[in-house]
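The values are calculated or read from the model by the stated rules, or taken from the named source; none is laboratory data. Here the structure is a predicted model, which means the values were calculated and not measured. Heads up, the Cβs are rebuilt from the backbone with ideal geometry, glycines too, and the neighbour counts pull from every protein chain shown.
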Amino acid sequence: MGVLRCAWRIPLMLLVVVGGCLAAIPLLPRGPRPGTAGAALLRNWSRLFLRCFGVRVKRVGEPLHDPVMFVANHGSWMDITVLHAVRPADFVAKAEIGRWPLVGWMARRGGTIFHRRGNNDSLAAVMAVMSERLRDGRSIAAFPEGGTAPAGTLKTFHARILQAALDAAAPVQPVALRYLRDGQPATDMLFSKGESFLHNVGRVLATRALTAEVHFLKPVVFDPEGGRRRMAETARAEIAVVLGLAT
């Protein structure tokens, strides 16, 4: 059955990617401005792209209005597209994605802010851009774990990235992302240890249909005593509850 799924999913995926690139030229010149045709394109294209993998998206809770910083757990390369499918935002992603064929070009069109991991100068520049966009009325989404976490785990949330929201006086809303099949966690579609991106894409293409849930949780409030560290810990704890993990 996996071979049969790939036989129709791969051509459809390629068609959706190429069609999305062509549509992005006039509609996404500088990222998905809130309430524009570009934002609608990104949301609808994301849903269609995920359907190529047999993934349906379900929203739980209400996202805040622009501008807001979303902070989410990170377990799959699909996470960005899943959140885009319900609430377009400018994502912070690793710089390597910007060099991927077609995907990197689409990411830039979608307003992605690229960060070189482990580079403090890069992080400072990224945070400045994040604050500027928040002040401009745009929303930002980031993965405070700094990378994908193994199935059934949740890494420490790095608090420094929240400073961009504090500088722009923008709210911070945690978002829990989880993948379910027949009501149970679909851990088989997450990265396994040492697995490459292309291998995971091929494996997910061959798997049965599943549901991606996007849980918008209550915003975290700045605590003068605990500062941004307390905010990061609170956001992580709220997401852990949704994922059924111990904090």
- prompt: Of all helices (runs of 4 or more DSSP H) completely enclosed by region 2-111, which ones contain at least 1 residues that are modelled with pLDDT under 90 and over 18 Å from the mean Cα position of the chain (by Cα)?
  reply: 2-27, 37-51
message: Which pairs turn up if I take residues in region 63-77 that are farther than 10 Å from Pro171 by Cβ and look for partners that are aromatic (Phe, Trp, Tyr) and surrounded by fewer than 22 Cβ atoms within 10 Å (Cβ to Cβ) with beta carbon separation below 6 Å, at least 6 apart in sequence or on another chain?
response: Pro63/Phe216
task: Answer yes if at least one residue in region 155-177 is of a type in the set (Val, Ile, Thr) and farther than 19 Å from Val68 by Cα, and no otherwise.
output: yes
message: So the check is Cβ under 7 Å with 6+ separation or different chains; which pairs have a first residue in region 1-19 that's free of Cβ contacts under 8 Å to residues at least 60 places away in the same chain and a second one that's of a type outside the set (Asp, Glu)?
response: Leu12/Cys52; Val16/Leu48; Val16/Phe49; Val16/Cys52
task: Consider Val214 carefully, then state whether it is modelled with pLDDT of 90 or more, within 19 Å of the chain's Cα centre (by Cα), under 30 Å from Pro11 (Cβ atoms) and of a type in the set (A, V, I, L, M, F, W, C).
output: yes
field: Count - residues of region 221-239 that are surrounded by 20 or more Cβ atoms within 10 Å (Cβ to Cβ), under 27 Å from Phe191 (Cβ atoms) and among the aliphatic types (A, V, I, L, M)
entry: 3
